[in-house]
């Protein structure tokens, strides 16, 4: 379904295969709500900087802002068009006990098992896990990024392939093949994606508590997700209302708004709804866009 609204939910994922797996689920969820979905692959681990990166307290938040700018440029939309940023990451065994990380010098990459991780440099891997945990925790407690955009982060554990296919160590080519098959299945049956998210879900349905749940599993590589929580939430009626107004024909919009105001008998209640929207989302660019549009109609 082609949606004419410029409003966008931006979904950030680790790589191209992740795009194929999740895009139909998000698109189907938003298609009747006048909202576009853009899924952008990072192609790098945002929670663990490379050797050339300047690590600071705001490193991971700066990287999120950088990625959003790249997505805006690629998909040709503005920051003001974004109503929500959703990031999906792999846990990658960062919460497992250090004692379950085994060093094998002959390995050229880490190998995941249900009850341990084999690596070629344990000291480096333990440090990596600590840095990733700290950055994930920072992102979990971040409500807004890039000067006011609403932000949430969700996980698959140990990774997306582990969750959907019970495979821990897929090569890139296998990931791509599996994801394309999933994309076809979800296109044929859009509800299948949401159904599969509930197969191995966190027992906690609260956002922060779901993260506490995975953080407290130290003796194995758990097969869980908390993305299901996102789809259980109801889209705020005020977001839907304002976006829906944008989709109405100009004449219908004028009649509708003037009728609404006549029923209100004053602008008091209208101002209340606008101020509620402002308080809830703290996004000056977004609410000013809608407010100006309303004023143009009224006058």
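Observations on the model:
- For residue 233 and residue 147, a Förster radius of 22 Å and the Cβ-Cβ distance give a FRET efficiency of 0.40, rounded to the nearest 0.05.
- If the segment from residue 217 to residue 137 were pulled out straight at 0.36 nm per residue, it would be longer than the present Cα-Cα gap by 27.3 nm.
- Sorted by Cβ neighbour density within 10 Å, fewest at the top, the residues 224, 149: 224, 149
- Computed from the Cβ-Cβ distance with R0 of 35 Å, the FRET efficiency linking residue 73 to residue 33 stands at 0.90.
- Here residue 109 and residue 181 are evaluated by their C-beta separation; at R0 = 30 Å the FRET efficiency comes out at 0.75.
- Cα centroid separation - segment 149-206 against segment 56-102, whole Å: 17
- Placing dummy labels 7 Å off each Cα toward the beta-carbon, the span from residue 121 to residue 99 is 2.6 nm.
- Neighbour-count order for 221, 107, 168, fewest beta carbons within 10 angstrom listed first: 107, 168, 221
- Beta bridges per DSSP with both ends in segment 1-141, % antiparallel, nearest 5: 10
- Residue exposure sequence - 34, 124 - by fewest surrounding Cβ within 10 Å: 124, 34
Each value in this text was obtained by applying a stated rule to the coordinates, not by laboratory testing. From a predicted model like this one, the values you see are computed outputs, not experimental measurements. Using ideal geometry, Cβ is built from the backbone for each residue, glycine included, and neighbour counts are taken over all protein chains shown.
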